[in-house]
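As structure tokens, the structure follows; a few thoughts come after it.
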Amino acid sequence: MPTESAVIVADNVGIRFTRNRKRRLRVRELFIHGSKRQPLGDEFWAFRNVSFRIAQGEAVGLIGANGQGKSTLLRLIAGVMLPDEGTMTVTEDVAPLIELSSGMVSDLTARDNIFLSAGLHGLPRSEVEERFEEIVQFAELEAVLDTPVRHFSSGMKARLAFAVATRLDAPIILVDEVLAVGDRRFRKKCQERMEEMVSGGRTLFLVSHSESDLKRFCTRGLYLRNGQLVGDGPLDETLAQYAEEVNSG
């Protein structure tokens, strides 16, 4: 893939976590070092030595079992986490559909949260006003628009956040298990909105345990297993590799 066409480049990236950030200090350590010493527990790598290049307009599915680092990789691309090794280069703006409702302010109304969330992603207020009715209608929350979101169910919050995030102009979309939002009818709306964005030339990274969603939106698959990128190719081939390893093991 030509360098100039890549909008996301991962070069030997790795991220490390600590299982237990605090452990009980031994009496000898307390005596010698005092209570200020905070030894770290066991460390582990969520993944390591991961490299790939994504071209503009590619639709990529992240495949792997739970706990293999898929969501963490999305957070690195979104810039909310930094790698402990290697470099992650993203040349375009990103719309992260990750933990959709986590960025909302519970004491603000749905109306206020629309302006806040879109503004934090760089959308001028005038453009938010132009898209406001469409966001509200898509979320189907007209009746509670001036209600503080602390009174919303988790599903209502996710619908509102999805409606806002998918009206942003970011060329790169990161989606983490959010296509299961709401009932079947609303999920269909979300899927149609995603198809519209992908067909418009957006670059997509999708984490989903739904094979049908992966096949519907993606043409390429990245397979993470045991902290390594073990598969990178056409989606059908990567899904077959994953299925074979699951069934054999």
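(1) surrounded by fewer than 21 Cβ atoms within 10 Å (Cβ to Cβ); (2) assigned to a strand (DSSP E or B): which one isn't true of residue 187, the others all being true?
(2)
Does the range 151-165 include one or more residues that are within 21 Å of residue 110 (Cα to Cα), among the charged types (D, E, K, R), assigned by TED's automatic domain parsing to the domain that holds residue 119 and in contact (Cβ under 8 Å) with a residue 24 or more places away in the chain? Before you say what the answer is, go through the steps one by one.
Filtering the range 151-165 down to residues within 21 Å of residue 110 (Cα to Cα) leaves 151-165.
If we keep only those that are among the charged types (D, E, K, R) as well, we get 157, 159.
From what is left, the residues that are assigned by TED's automatic domain parsing to the domain that holds residue 119 are 157, 159.
After this cut, where a residue has to be in contact (Cβ under 8 Å) with a residue 24 or more places away in the chain as well, the list is 157, 159.
Checked against the condition, which is being within 21 Å of residue 110 (Cα to Cα), among the charged types (D, E, K, R), assigned by TED's automatic domain parsing to the domain that holds residue 119 and in contact (Cβ under 8 Å) with a residue 24 or more places away in the chain, the range 151-165 yields at least one hit.
Is there any pair linking a residue in the range 43-54 that is farther than 19 Å from residue 221 by Cβ to one that is of a type in the set (D, E, K, R) and assigned to a strand (DSSP E or B), with Cβ under 6 Å and at least six apart or on different chains, and which?
These pairs meet every condition: 43/16; 45/16.
Quick one: is residue 238 buried (at least 17 other Cβ atoms within 10 Å of the Cβ), polar (S, T, N, Q) and within 16 Å of the chain's Cα centre (by Cα)? Write out each step before concluding.
Working: buried (at least 17 other Cβ atoms within 10 Å of the Cβ): yes; polar (S, T, N, Q): yes; within 16 Å of the chain's Cα centre (by Cα): no.
Spelling it out, it is not the case that residue 238 is buried (at least 17 other Cβ atoms within 10 Å of the Cβ), polar (S, T, N, Q) and within 16 Å of the chain's Cα centre (by Cα).
Which residue pairs have Cβ atoms under 9 Å apart, sit 6 or more places apart or on different chains, and have a first residue in the range 238-249 that is in the same structural domain as residue 63 (by TED's automatic domain parsing) and within 16 Å of residue 209 (Cβ to Cβ) and a second that is part of a helix (DSSP H, G or I) and modelled with pLDDT of 90 or more?
239/211; 239/214; 239/215; 243/211
Does residue 126 count as over 24 Å from the mean Cα position of the chain (by Cα) and of a type in the set (Gly, Ala, Ser)? Talk me through it step by step, then tell me what you get.
On the way: over 24 Å from the mean Cα position of the chain (by Cα): yes; of a type in the set (Gly, Ala, Ser): yes.
When the stated conditions are applied, residue 126 passes them.
Just checking, how many residues over the range 142-179 are aliphatic (A, V, I, L, M), farther than 19 Å from residue 191 by Cα and in a loop (DSSP other than H, G, I, E, B)?
Just the residues of the range 142-179 that are aliphatic (A, V, I, L, M), to begin with: 143-145, 149, 156, 158, 160-161, 163-165, 168, 170, 172-175, 178-179.
Going one step further and asking which of them are farther than 19 Å from residue 191 by Cα, we end up with 143-145, 149.
Keeping just the survivors that are in a loop (DSSP other than H, G, I, E, B) gives 145.
Residues in the range 142-179 being aliphatic (A, V, I, L, M), farther than 19 Å from residue 191 by Cα and in a loop (DSSP other than H, G, I, E, B): 1 in total.
Would you tally the residues in the range 200-226 being outside any strand (DSSP E or B), surrounded by 18 or more Cβ atoms within 10 Å (Cβ to Cβ) and either of a type outside the set (Ser, Thr, Tyr) or more than 19 Å from the chain's Cα centre (by Cα) (or both)?
To start, the set of residues in the range 200-226 that are outside any strand (DSSP E or B) comprises 200-202, 208-219, 226.
Those left that are additionally surrounded by 18 or more Cβ atoms within 10 Å (Cβ to Cβ): 202, 208, 213-214, 217-218.
Within this subset, residues satisfying the condition of being either of a type outside the set (Ser, Thr, Tyr) or more than 19 Å from the chain's Cα centre (by Cα) (or both) are 202, 213-214, 217-218.
The number of residues fulfilling the criteria is 5.
Could you please let me know if residue 131 is under 24 Å from residue 201 (Cα atoms) and touching a helix residue (DSSP H, G or I) at 6+ places or on another chain (Cβ under 7 Å)? Lay out the reasoning, then the answer.
On the way: under 24 Å from residue 201 (Cα atoms): yes; touching a helix residue (DSSP H, G or I) at 6+ places or on another chain (Cβ under 7 Å): no.
For residue 131, the condition - under 24 Å from residue 201 (Cα atoms) and touching a helix residue (DSSP H, G or I) at 6+ places or on another chain (Cβ under 7 Å) - is not met.
Just to confirm my filter: which strands (runs of 3 or more DSSP E) fall fully inside the range 1-64 and include at least 1 residues that are touching a strand residue (DSSP E or B) at 6+ places or on another chain (Cβ under 6 Å) and at pLDDT below 75?
On the way: elements: 6-18, 43-55, 59-63.
Counting at least 1 such residues, we get no strands (runs of 3 or more DSSP E) at all.
In the range 140-186, what count of residues is obtained for those that are within 30 Å of residue 7 (Cα to Cα) and modelled with pLDDT of 85 or more? Can you show your working first?
We begin by selecting, within the range 140-186, every residue within 30 Å of residue 7 (Cα to Cα); these are 158-181.
Within this subset, residues satisfying the condition of being modelled with pLDDT of 85 or more are 159-176.
Residues meeting the conditions: 18.
The values are calculated or read from the model by the stated rules, or taken from the named source; none is laboratory data. Bear in mind the structure is a predicted one, so any value in this text is a computation, not a measurement. Glycine gets a Cβ as well: all are built from the backbone with ideal geometry, and neighbour counts include every protein chain shown.
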